[in-house]
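A short write-up of the structure that comes next.
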Amino acid sequence: MAEYIISILLLIGGCFVLVGSIGLVKMPDFFMRLHGPTKATTLGMASLLTAAMVFFSTTGEGLSVKEILISIFLLLTAPISGYMLIKSAIHHKLDSIERTTGKDNIEDDV
């Protein structure tokens with residue numbers, strides 16, 4: 001039964017990482033491109049790390065703290081780094097396409 005859970009988590013994680021990577025390449029501007037790595041890839045990595053936790057807990061080595069720490073680190077740093085990249089792009093007045101929403105909520109840099 002654990003093999004099925006691990007397999008499903010690996011497939012879900014792989015699909016999310018693939019979708020995030022495709023989004024990184026195919027989106028038209030920087031602001032839209034940032035959604036791929038910060039959302040889908042983070043969720044995919046969380047699923048892959050959960051599969052690793054299930055695998056190592058069922059093989060007799062006990063609960064693996066490394067995967068928990070990596071998951072916490074990823075879930076904390078991905079939104080912060082995405083926010084910092086967006087603020088840097090706004091500061092440098094990076095162009096965006098007309099379909100990019102939320103541009104009216106951007107504060108002017110003084």
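The values are calculated or read from the model by the stated rules, or taken from the named source; none is laboratory data. The model shown is predicted, which means the values in this text are computed figures rather than measured ones. Cβ sites come from the backbone with ideal geometry, for glycine too, and all protein chains shown count toward neighbours. In case anyone asks, the SASA skips ligands and DNA or RNA and just uses the protein heavy atoms, side chains included. Shrake-Rupley method; radii C 1.70, N 1.55, O 1.52, S 1.80 Å.
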Here the alpha-carbon Rg of the chain over 2.2 N^0.38 Å rounds to 1.35
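Using a 10 Å cut-off on Cβ atoms, rank the peptides 62-68, 28-34 from the highest mean neighbour count down.
28-34, 62-68
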Once all protein chains are kept in place, residue 43 shows an accessible area at probe 1.4 Å, nearest 10 Å², of 90 Å²
With every protein chain kept in place and a 1.4 Å probe, the chain has an accessible area per residue in Å² of 72 Å²
Heavy-atom accessible area with a 1.4 angstrom probe orders 59, 42, most exposed first, as 59, 42
Carbon plus sulfur, as percent of the 1.4 Å-probe accessible area of the chain, comes to 71 percent
Dividing the helical contributions, -39500 (n - 2.57) per DSSP H run of n ≥ 4, by the residues of the chain yields a 222 nm value, nearest 500 deg cm²/dmol, of -23000 deg cm²/dmol
Dividing the mean separation of Cα pairs under 8 Å (6+ apart) by the residue count of region 2-95 yields a relative contact order in percent of 29 percent
Computed about the Cα centre, the charge dipole of the chain from +1 Lys/Arg and -1 Asp/Glu charges at the Cβ has a magnitude in debye, to the nearest 20, of 140 debye
